[in-house]
Amino acid sequence: MTKTAARLPPFQRFLDAHSADVLRYLVASIGRHDADDAFQETFLSALRAYPRLSAGSNLRGWVLTIAHRKAIDVHRARGRNPVPVAEIHDGAQRSPPPGEGEGEGDHWERVRALPARQREVLTLRYAADLTHAEIASALGCTEEAARRAAADGLKNLRKELTDVAATA
Amino acid sequence: MSLPPPDLRPGEAAALTARTAARAADEGIAEVAYATVDSPVGRLVAVATPRGLARLAYELENGGLDEILDDVALRLSPAIVEAPAKLDLIRRELDEYFGGRRRDFDLPLDWSLSREGFRRRVLRECALIPFGATRTYKDMAIAAGSPSAFRAAGGALGSNPIPIVVPCHRVLASSGGLGGYTGGLERKRLLLSIEGRILM
């Protein structure tokens, strides 16, 4: 039994095992429109590093951390080009902006509008189902800071929902 | 406050996974590609590297797909993806062979799954046995430079990582008996009958 040491599974098996989790996380954190590309970038980056990974690593936490970095890249790019539609002059038909009519639930759109740290913690906690300890390690912060950001994020969401209900 | 994760459309993750795997193989990020191939001798698992076909395994006789891939991951690289397009050539040639329209396989081979030295010499000699011909284990031992090592030649052929394409089924016992076969004697008989060597 102890004869065979832990080994890395063939990459395809790892990919199949985590593809749905990674996609759900990316749809929640950046919206459906950008999730496809980010998904591919996530797993291609993972594959480049894969042969040097030590067996027995927390593969799920690892790949979701990579997905998290890809999501940050997308958010940063949006920050640099806040209103990309305004730059279109050719009148060509474009995909709808992220989140619109994509059916992944209003609440993730609201999460995406939160301050970065709160958004990151809530998507990693509730869309990726990582523990606070895993989130802390993905974000390079303390577990306590991750918990606090999650609580603040939920408070902001609740407040927003109350405001929406009040004006309705 | 509950935040349920977003719903995925049925098959959405699987389709994206297939596209990602194909891209990984195309861009050379994956070091190994595989595909399963249906054939009259049962399902086969074909494994290729950029150098060529490295493994053609009888799926059931080798413990199933997972076990075959575990072995390849250990001996070649864990950077393996399912990329059927990368195995198009071998799939086509196998179809032609089993359909009676091909006598020789014409594709690059990667020998890295056969141990260097005597074993690999035996297998390389075996690859030269033409369609419709047979040899004995002793012939193979002589061809590989160790005339008395006919038992070891049998062992080398039994370890053939690329059966059918490297035609170890064309090697028989000196007595005229079938000898052994990595895919079971029934398959050896079937392959030899396809090549007109025996009647089924």
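Values in this text are rule-based calculations from the coordinates and carry no lab data. Remember, it's a predicted structure, so these values are computed and weren't measured experimentally. Glycine also receives a Cβ, built like all others from the backbone with ideal geometry; neighbour counts cover every protein chain displayed.
Suppose the Debye formula is applied to equal point scatterers at every Cα of the range B:12-98; what is log10 I(q)/I(0) at q = 0.22, 0.26 Å⁻¹? Listed by q, the Debye log ratios stand at -1.10, -1.34. The distance separating the Cα centre of the range B:1-20 from that of the range B:71-119 comes to 33 Å.
With springs only between Cα atoms under 10 Å apart, run a GNM on chain B and tell me which of B:Ala21, B:Ala13, B:Ala85 wobbles the most. In the Gaussian network model the winner is B:Ala13.
Considering only alpha-carbon pairs that sit under 8 angstrom and 6 or more positions apart, the relative contact order computed for chain B is 17 percent.
For the protein assembly as shown, the number of Lys pairs with C-alpha atoms closer than 30 Å, counting only pairs eight or more positions apart or on separate chains, is 5. When a/c is below 1.5 the answer is rounded, else prolate if a/b is larger than b/c, else oblate, so apply that to the protein assembly as shown with a ≥ b ≥ c taken from the square roots of the Cα gyration tensor eigenvalues. Prolate, because a/c is 1.5 or more and a/b exceeds b/c.
Per DSSP H run of n ≥ 4, the term is -39500 (n - 2.57); total these for chain B, divide by its residue number, and report the mean residue ellipticity at 222 nm rounded to 500 deg cm²/dmol.
Estimated from H runs of four or more residues: -10500 deg cm²/dmol.
Result for chain B in a Gaussian network model with C-alpha springs under 10 Å: among B:Ser175, B:Ser159, B:Ser114, the largest mean-square fluctuation is at B:Ser175. Tally the DSSP beta bridges in the protein assembly as shown and give the antiparallel ones as a percent, rounded to 5. DSSP beta bridges in the protein assembly as shown are roughly 65 percent antiparallel. Against the empirical 2.2 N^0.38 Å (N residues), the range B:118-194 has a Cα radius of gyration ratio of 0.95. Given springs between every Cα pair under 10 Å in a Gaussian network model of chain B, which of B:Arg55, B:Arg187, B:Arg170 has the largest fluctuation? In this elastic network of chain B, the residue with the biggest mean-square fluctuation among B:Arg55, B:Arg187, B:Arg170 is B:Arg187.
Against chain B, whose longest principal axis is taken from its Cα atoms, helix B:12-26 shows a tilt of about 50°. Judged by the gyration tensor of its Cα atoms, with axes a ≥ b ≥ c, the range B:44-169 is oblate; a/c meets the 1.5 cut and b/c is at least as large as a/b. For the peptides A:48-54, A:71-77, A:17-23, the ranking by mean Cβ contacts within 10 Å, running from highest to lowest, is A:17-23, A:71-77, A:48-54.
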